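For reference, the structure is listed below as structure tokens.
The values are calculated or read from the model by the stated rules, or taken from the named source; none is laboratory data. Quick caveat: nothing in here was measured; it's all calculated off a predicted structure. Neighbour counts run over all protein chains shown; Cβ positions are idealised from the backbone, glycine included. Just the protein is used for accessible areas: all its heavy atoms, side chains included, with ligands, DNA and RNA removed. Shrake-Rupley method; radii C 1.70, N 1.55, O 1.52, S 1.80 Å.
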Amino acid sequence: MYEMRIGTAATGTDLVWHVVGHDQTSALCGQPLQEASDETDRHCLSCMSVFQELMQQPGRAAAT
């Protein structure tokens, strides 16, 4: 299962939504996560690309 969590963008100090695997401490793109109460409409493009690749692999989506 995957979830979305807020963290700092890899390209700066802006906050973005990252994709995180269950029980992981970092995002799919490798960025560390933070507990943030701020909201954002931005998404990490690196995380979204990795997530898309994972979902296209047969059997991979159900295994995580």
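Contact annotation: no residue pair with Cβ atoms under 6 Å, 6 or more positions apart or on different chains, pairs a residue in the stretch 31-50 that is within 12 Å of Met4 (Cα to Cα) and of a type in the set (Ser, Thr, Tyr) with a partner that is open to solvent by less than 50 Å² (accessible area, probe 1.4 Å) and part of a loop (DSSP other than H, G, I, E, B).
Annotation: of all residues in the stretch 32-50 being among the aliphatic types (A, V, I, L, M) and at pLDDT 80 or above, the one that is most open to solvent (accessible area, probe 1.4 Å) is Leu45.
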